[in-house]
Every structure is written in structure tokens, then in C-alpha cells.
Amino acid sequence: MSVFGLLNIFKELPAFEQLVTELDEKKAVPALTLPKSGRTAVLAQLYLQRRVPVVLLTGKVESAAAWIQALETWLPPGDVMRRLPEPTPLPYDRGPWSERCRADRLTVLTRLMAGQHPQIPAADMPPLIVTSARAFLQKTMPKRRFMTNTRVLRLRQIIDLEKLLKMWRGIGYEAVSVVEAAGQFSRRGGIIDIFPIATPFPVRIELFGDEIDTMRYFDPATQRSIQHNGSSSTES
């Protein structure tokens, strides 16, 4: 249950308004000596009132999960909060990362890039990212490389299909006969299926010549359409 409506009380507190003003003016703000019970409410109201991306960094992995659970009570319904997860291997190990971890981290980067990439408009609400120090210390790709390897496809767009398929292979997507997992794509004549890393479902693209005629999500288990989609992006 969300109780974010109670946050309006902060607007009547002079100390809170002074804090917002200092943050807007980019002044140095001393550490807030708040009781644990009030920290989530203050953070939620700061995020909702200032409408800027927020990164909440915790010292422990388990603390990040606890913050997410607590913030869900104070934030309005919607997809605004994201977790930047920790890879299973420790920072000094060279073990493989899980597909879910890579997808979630790329989703966070995509959300942060909204409004900066020329083809991805800014979201109504910027993201609130919750992460641990361990996850935060993991290196990621440079911003320029991430933006260069992001492609946005839209309805009625004219594409060079062979060039597009070559680009997908170049950034690590796997060509398969049936798309079932993230990072895969397939081609059957003028029908292209692709499962972008940062989307919950794969996308089926139907072409009319070189023009994108329809785009829709589909269930990889049944291969049946779920809903129409106006655009889709792919990331390396």
C-alpha cells in the first residue's frame, strides 16, 4: 500500500524547503541526522519535488533491498525506481555475470540516458536508482560507446535490414531460429524478432519493403503477440 499522499506535509516545513533550496543552488549540504523511520519519507519527497535523477548508495547489499521495499510505500505507483544489481562474482573474480544482472544494469543505463540520446525522449519522471557500494564499484562501458551502440527503431522508419542485422551481431546479439532469451534475434523473410537486453519481452517487427509496418511485444514461450509497441531500442 502506498501512502505517498502523506508527503504533502513536508511542503509546510520551513526546514525542508530550505534543504530543497540549498540543493537547487548546489550548495554543500551537511549530513542530515534523521532517525531511520523518517529517512525514506524525506528521500521520497526530495525525489518527487526536485524531479531529477537520484542515486541512493548503500554500504551493504542487503540494505539496498530494504530501501527498495521501504520506498515502495512512499512513492506513487509506477515504474520509476530501479535497482542497479551486483554481479554474482566478486570484483576480483572473473566469473560470468548472469543474464538477469546484465539486463538489469543495462536497463538502468538506458533510463539514465533518456533525454540525452537524440532518439530517446526524456521520461515524465527521472529514475530513482538504488544500489550498493559493491554494485556501484563495478565498471561499466563509457557513455559514448553506450550511446553509439544504442539503436531506436520506430514505426514507419525506413531501415537497411542487412546493415541492421550486421550491427546486432557486432554488439553481441545471437542469430537463432526461434527467439527465446534476451540477446537473441531471428529473421523469417520480412519478419524480424529481437529480444533487447533491457526490455521485459521480445519484439516482433514486420516490414513492408524497407519500412517498419508493425512492432509488437510477444511472449517467447507461446510466440503470441502481447501488445503493440511504437518503438524499441537495442543496446550492446
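The values are calculated or read from the model by the stated rules, or taken from the named source; none is laboratory data. The shown structure was predicted, so the numbers you read here are calculated from the model rather than taken from an experiment. Glycine also receives a Cβ, built like all others from the backbone with ideal geometry; neighbour counts cover every protein chain displayed.
Pull up the stretch 126-166, narrow it to residues that are in a helix (DSSP H, G or I) and modelled with pLDDT under 90, then point me to the one that is farthest from Gly115 (Cα to Cα). Please lay out each step first, then the result.
Initially, the stretch 126-166 is screened for residues in a helix (DSSP H, G or I), giving 133-136, 143-148, 161-166.
Imposing the further condition that a residue be modelled with pLDDT under 90 reduces the set to 143-148.
On the way: Lys143: 14, Arg144: 14, Arg145: 17, Phe146: 14, Met147: 12, Thr148: 15 Å.
In this case the residue turns out to be Arg145.
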For residues that are within 15 Å of Asp219 (Cα to Cα), out of contact with any strand residue (DSSP E or B) (no Cβ under 6 Å at 6 or more places or on another chain) and free of Cβ contacts under 8 Å to residues at least 24 places away in the same chain, tally how many sit in the stretch 169-201.
1
Of (1) exposed (fewer than 14 other Cβ atoms within 10 Å of the Cβ); (2) among the polar types (S, T, N, Q); (3) modelled with pLDDT of 90 or more, Thr40 fails just (1)
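In the stretch 126-146, what residues are surrounded by fewer than 17 Cβ atoms within 10 Å (Cβ to Cβ) and not small (Gly, Ala, Ser)? Don't jump to the end; show me each part of the working.
Going through the stretch 126-146, the residues surrounded by fewer than 17 Cβ atoms within 10 Å (Cβ to Cβ) turn out to be 133, 136-145.
If the condition is that a residue be surrounded by fewer than 17 Cβ atoms within 10 Å (Cβ to Cβ) and not small (Gly, Ala, Ser), then Phe136, Leu137, Gln138, Lys139, Thr140, Met141, Pro142, Lys143, Arg144, Arg145 are the ones that fit.
Does Val176 meet the test of being within 21 Å of Leu109 (Cβ to Cβ) and not aromatic (Phe, Trp, Tyr)? Let's see the steps before the verdict.
On the way: within 21 Å of Leu109 (Cβ to Cβ): no; not aromatic (Phe, Trp, Tyr): yes.
So Val176 does not fit the description; no.
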I'm trying to understand the selection: among the residues of the stretch 125-161, which are hydroxyl-bearing (Ser, Thr, Tyr) and free of Cβ contacts under 8 Å to residues at least 24 places away in the same chain?
Thr148
